[in-house]
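The structure appears below as structure tokens.
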Amino acid sequence: MHPQIAAFGRLSRENVIPTRKLEGQKTLLGRTMHDIAYDAIHDEIVVGSPFAQAIMTFRGGADGEEAPLRVIQGPRTQIVTGSNGVDKVGGIDPVNNEIFYYTRLNKILVFDREANGDVSPKRVLGGPDTPRMGATIRIDPVNNLLFVSGGGGMLIFDRAASGNAKPRSFIRGSFSNQVALYNDLIVSAREDDHIYAWSIHETGENVKPVLRIAAPLGDRASQLGLVLDPIHKEVILGSGAGNQIRAFAVPEIFEWQRTDGSKRQ
């Protein structure tokens, strides 16, 4: 299968044809892209290109053999992809106009959203006192927090943390490769066919999820994409074994209310 980004109707079912496909030489897309971020405020798609060590931004409505709007690439960027050629964008913060990118040198690079070409990051998080981090990055502009996988759970930094910074707190737990933030919750899936949610305000070593919802996720669902659709109160996941996208109605996540006993440590 050649590299492509395919768009489907929300109510699509089995064997449906995509409404449009972004593909072709001018797109610069590569085979081992393992993450995609959508900026709903600016209607843009952001993906990483591992072999080119680049970050590419497309129009949200891009179709066919369409070139990216912007490409962050070059020695000044400090982008170093995974040794296995697998790449993740990291995270995007459309409110503060920033793109976050994890490198295998245990650093998180932060670029201006509109950066283009061989540009230096506006700040770099990582140093001797920073724990080993992972490539899963999510930004909470409401609480001004940065969530990064690592240490057998989720590391929580100040959103604008840089340099040799330590996390401000930590949530231990078995999170999947993909998580989503909504309504002060971290939502994740596991191989036990359940969708879990943790409160971002309950931190420490023995934190229990506030929600545990049974769902037939499919094989390898914890390894692929997970996104939330608040308008329709749905959780959407990719299933790697069958190349499927499964949508679940999970109103509990979108209607959850924080209790008085749930306070940030």
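The values are calculated or read from the model by the stated rules, or taken from the named source; none is laboratory data. Please read these numbers as outputs of a predicted model, since none were measured by experiment. Cβ: placed from backbone, ideal geometry, glycine included. Neighbour counts: every protein chain shown. The accessibility values were calculated without ligands, DNA or RNA, using every heavy atom of the protein model including side chains. Shrake-Rupley method; radii C 1.70, N 1.55, O 1.52, S 1.80 Å.
Worth pointing out:
- ILE171 of a type outside the set (Phe, Trp, Tyr), out of contact with any Pro (no Cβ under 9 Å at 6 or more places or on another chain) and in a strand (DSSP E or B): yes
- Matching residues, region 43-85, being at pLDDT below 90, open to solvent by 40 Å² or more (accessible area, probe 1.4 Å) and over 25 Å from ARG123 (Cβ atoms): PHE51, ASN84
Residues are listed down the side, and each one gets a yes or a no for (1) within 18 Å of ASP229 (Cβ to Cβ); (2) at pLDDT 85 or above:
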{"site": "MET1", "(1), (2)": "no, no"}
{"site": "GLN4", "(1), (2)": "no, no"}
{"site": "ARG13", "(1), (2)": "yes, no"}
{"site": "ILE17", "(1), (2)": "no, yes"}
{"site": "ARG20", "(1), (2)": "no, yes"}
{"site": "GLN25", "(1), (2)": "no, yes"}
{"site": "THR32", "(1), (2)": "no, no"}
{"site": "ALA37", "(1), (2)": "yes, yes"}
{"site": "ALA40", "(1), (2)": "yes, yes"}
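- The residues on offer are GLU114, GLU98, and the sole one that is open to solvent by less than 20 Å² (accessible area, probe 1.4 Å), at negative phi and among the charged types (D, E, K, R) is GLU98.
- Matching residues in region 147-168 - criterion: being open to solvent by less than 40 Å² (accessible area, probe 1.4 Å) and touching a Leu at 6+ places or on another chain (Cβ under 8 Å): PHE147, VAL148, SER149, ILE156, PHE157, ARG159, ALA161, GLY163, ALA165, PRO167
- Among the criteria (1) buried (at least 19 other Cβ atoms within 10 Å of the Cβ); (2) free of Cβ contacts under 8 Å to residues at least 24 places away in the same chain, the one ILE200 does not fulfil is (2).
- Checking the stated criteria, VAL124 turns out to be assigned to a strand (DSSP E or B), more than 19 Å from HIS42 (Cβ to Cβ), out of contact with any helix residue (DSSP H, G or I) (no Cβ under 8 Å at 6 or more places or on another chain) and not basic (Lys, Arg).
- Any hit, region 17-40, residues being acidic (Asp, Glu), open to solvent by less than 20 Å² (accessible area, probe 1.4 Å) and under 24 Å from ARG113 (Cα atoms): yes
- Of the residues making up region 104-135, those that are out of contact with any Gly (no Cβ under 8 Å at 6 or more places or on another chain) and β-branched (Val, Ile, Thr) are VAL110, THR130.
- Region 128-146 residues that are modelled with pLDDT of 95 or more, paired with ones that are assigned to a loop (DSSP other than H, G, I, E, B) and among the basic types (Lys, Arg) (beta carbon under 6 Å, 6 or more apart): ASN144/ARG159; LEU145/ARG159; LEU146/ARG159
- Residue match in region 112-124 (condition: under 15 Å from the mean Cα position of the chain (by Cα) and hydrophobic (A, V, I, L, M, F, W, C)): no
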